[in-house]
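Following: one structure in structure tokens, then a few remarks.
The values are calculated or read from the model by the stated rules, or taken from the named source; none is laboratory data. None of the values given here were measured: they were computed from a predicted structure. Methodologically, a virtual Cβ is constructed for each residue, glycine included, from the backbone with ideal geometry; neighbour enumeration extends over all protein chains shown. Calculation scope for accessible area: heavy atoms of the full protein, side chains included, ligands and nucleic acids excluded. Shrake-Rupley method; radii C 1.70, N 1.55, O 1.52, S 1.80 Å.
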Amino acid sequence: MPSPIPSPARAAFKDSAGAGLGFIPLGLAFGALVTQSGLDWWWAGLSAVLAFGGSFEFLLIGLVTAGTPLVAIAVSAFMVNVRHVFYALSFPLHRVTGRLGKTYSTFALCDEAYALTTGEQARSWPGRRILWLQLYLHLYWAGSAVAGALLGSLIPEGVTGLDFALTAMFTVLALDAVRDLRGDLPTPVLALLSAVAARLLFPDGMLPAAFALFTAALLARHVTTGRKPSHA
């Protein structure tokens, strides 16, 4: 007897488990930082639900407590999250159906969701599985942030190292993405070549030149790989 096909929600829950567990220590640390900065606990939940910006939310705490103008906060949010613009080149948003679904999928696009949905194994995932995956990641982050805010007073101020979970999680996701590549020039190689070229050609403006070259390289790879004929 063939094994039953798992529902998109159940399959997405399994897909999100690894990254979601990585969210927990980060969310707890973020929630604790919110209360230790003098903000009410509900700021953690509000930020996690409405912003869902990860690293920007840590930056947002300092901006809010310092009374930074909204315009400056908006510019900071754009600069931190501008990388999401390039995610649109390969994120499978076309598989998500419905205006509401596409809107939420666009809003909930985070680094982890992008890494999980653009790998080799995810190329056959339906839109509902992608949406469920993003929802679970959102819930992991919001729930752990609220828990961290409520329990923040119990966490000693001298505790360090919780934020390393972010580095470890991105390392694992990057290794999985590189392992799933099939014939495409790896993104780390493109980044390295862009940095070297910028250093040689534009030594006085290496950083913006490297970003520009890297963006051009990503666009060129997207165009060339998108035109490759598919084989049955």
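When region 52-104 is examined, which residues are found to be small (G, A, S), open to solvent by less than 70 Å² (accessible area, probe 1.4 Å) and under 29 Å from D40 (Cα atoms)?
G53, G54, S55, G62, G67, A72, A74, S76, A77
Confirm whether A17 is assigned by TED's automatic domain parsing to the domain that holds A142, without any contact (Cβ under 8 Å) to a residue 24 or more places away in the chain, of a type in the set (G, A, S) and within 21 Å of L139 (Cβ to Cβ).
yes
Can you find even one residue in region 64-74 that is closer than 19 Å to A115 by Cα and touching a residue at least 24 places away in the same chain (Cβ under 8 Å)?
No, every residue in region 64-74 fails to be closer than 19 Å to A115 by Cα and touching a residue at least 24 places away in the same chain (Cβ under 8 Å).
So is L39 at pLDDT below 90, surrounded by fewer than 23 Cβ atoms within 10 Å (Cβ to Cβ) and over 22 Å from L60 (Cβ atoms) or not?
For L39, the condition - at pLDDT below 90, surrounded by fewer than 23 Cβ atoms within 10 Å (Cβ to Cβ) and over 22 Å from L60 (Cβ atoms) - is not met.
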